Amino acid sequence: MGFKQYLDLQPKVREALVSGRPVAAMDSGIVAAQGGPHGRGLEMARRAQEIMEEQGVTPAIIAILDGRVRVGLEEEELERVVSDEKSIKTSCRDLPTVVATRHTGATTVAATAFLAVAAGIRVVVTSGIGGVRRGGDHTFDISADLFQLSRIPAAVVCSGVDLSQDPALTLEYLETQGVPVIGVGTNDFPNFYTPSSGCQVSCRFDDMASLANMIHVKDNLRVEGGLLVANPIPEEYALDLELLQPALAQAMEEAEERKLRGKFLTPFLLERLAQLTKGATVEARLQILYHNARIGAQLAAQLARLE
Ligand code: PSU
Ligand code: MN
């Protein structure tokens, strides 16, 4: 039985997978309270799903509901995940506990990628992946998303790492872990709210057919692990980093005062940044997610053609 005894595939996701039609996963962590969606989680999830459908791709949001691994959510299930204030932020190490104790969990990128691949889905759409935090060279605050991506053969489509992370350290860590970082139409690693961090990606692909082919070659070569697909925020939605710096500094200082550590830090910072910028970061994250949903769906469609 193994993994399947805990899995509930949404019927339309199952049908798509069985008939070889493209499916792209999305993490529930970004739309649940922990993702700091500031009351806009449902709108965000619905629109991202719609965008994937418009590309002919079946969306599969992943979450844990009462200990069941759910791949693809019905509308009322999505509403539960978004509104459940007690849902547990679930990374890979939390998965066995959340499932065994029949709790409800919103999955991080790491857990989403793990469950997606187990269910037969290769592409994961998110807004920002966890990174090496600013100061992470001495705090050791390095997201499990990065390490898990070195083991799980998923292509995670994101727009870089959020502002509280250090893009240069994140890229060093990914290099060590052997994770290719692909720039979509760019050589620059995106900086989440702006298109460039000033750091370089490891390779650039301008269209998803060529990237799908590279992934196919990677599989044939048996190069293990996943890929980070870095898709820059469209210029018209980019924020002014200068204006964000004071809010970021304040949020990080408050987190320090509260001695926030581990899994609680990212949710706090995302929410505080949203409050301090009066929702500007949330608006940008919505647009980031929609753009990633489009690119992720295109990649899933191209991969399905090769299989
Ligand atoms: N960054 C964002 N939005 C998010 C997250 C990160 O801009 O919602 C969430 C994702 O679920 C990601 C997780 O996988 O936080 C990483 O948490 P940590 O930094 O604790 O590893
Ligand atoms: Mn951390």
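We did not get these values from a lab; they are worked out from the coordinates using the rules stated. This is a predicted model, so every value here is computed, not measured. Heads up, the Cβs are rebuilt from the backbone with ideal geometry, glycines too, and the neighbour counts pull from every protein chain shown.
When the chain is treated as a GNM with alpha-carbon contacts under 10 Å, the residue of Ala116, Ala249, Ala209 showing the greatest mean-square fluctuation is Ala249. Comparing mean-square fluctuations of Ile30, Ile215, Ile129 from a GNM of the chain with C-alpha springs under 10 Å, the top value falls on Ile215. Along the chain, the longest continuous region that contains none of the trypsin sites (Lys or Arg not before Pro) in a DSSP loop with at most 11 other C-beta atoms within 10 Å is 103-221. Using amide H atoms built in the peptide plane, which far-off residues or other-chain residues are under 5 Å from Val123 H to H? Answer set, sorted by chain and number: Ala25, Ala155. Each of Leu241, Leu303, Leu289 was scored by other Cβ atoms within 10 Å of its Cβ. Listed from fewest to most, they are Leu241, Leu303, Leu289.
For the range 26-164, the alpha carbon convex hull comes to 110 Å³ per residue, rounded to a whole number. In a simple Cβ point-charge model (Lys, Arg +1; Asp, Glu -1; nothing else charged), the chain has a dipole of about 900 debye relative to its Cα centre. Centre-to-centre separation between the Cα atoms of the range 86-114 and those of the range 167-224: 27 Å.
The ellipsoid that matches the Cα gyration tensor of the chain has semi-axes, each √(5λ) in whole angstrom, of 27, 23, 18, with the longest given first. Computed from the Kirkwood radius of its Cα pairs, the Stokes-Einstein diffusion coefficient for the range 153-205 at 20 °C and 1.002 mPa s stands at 193 µm²/s. Taken one residue at a time, the phi angles of the range 128-145 give Karplus couplings (6.51, -1.76, 1.60, θ = phi - 60°) of x, 7, x, x, 8, 5, 4, x, x, 5, 10, 7, 6, 7, 10, 4, 4, 3 Hz. Gly and Pro are set to x.
A dipole drawn for the chain from +1 and -1 charges on Cβ atoms has a positive end, and of Gly120, Ile233, Asn187 the residue lying farthest that way is Gly120. From its DSSP helices (H runs of at least four residues, each -39,500 (n - 2.57)), the chain gives a residue-normalised ellipticity at 222 nm of -14000 deg cm²/dmol.
Contact order, relative form, for the range 107-155: 44 percent (alpha carbon pairs under 8 Å, 6 or more residues apart, mean separation divided by residue count). How about the range 173-249: which GluC sites (Glu not before Pro) there are in a DSSP loop, with at most 13 other Cβ atoms within 10 Å of their Cβ? Counting only loop positions with at most 13 other Cβ atoms within 10 Å, the GluC sites (Glu not before Pro) in the range 173-249 are Glu224.
For the range 1-68 versus the range 261-307, the inter-centroid distance based on Cα atoms is 14 Å. With contacts taken as Cα pairs under 8 Å at a separation of at least 6 residues, the chain carries a relative contact order of 21 percent.
On a per residue basis, the convex hull of the C-alpha atoms belonging to the range 126-248 measures out at 97 Å³.
With only Cα atoms counted, the range 203-306 has Rg and Dmax values of 18.3, 52 Å. Loop-located GluC sites (Glu not before Pro) in the range 76-121 (DSSP state other than H, G, I, E, B) with a sparse environment of at most 12 neighbouring Cβ atoms within 10 Å: Glu85.
Derived scalar couplings between HN and Hα for the range 221-227 equal 6, 6, 7, 7, x, x, 9 Hz in order, rounded to whole Hz, by the Karplus curve 6.51 cos²θ - 1.76 cosθ + 1.60 (θ = phi - 60°), x for Gly and Pro.
The relative contact order of the range 195-307 comes to 44 percent, based on Cα pairs under 8 Å that sit 6 or more residues apart.
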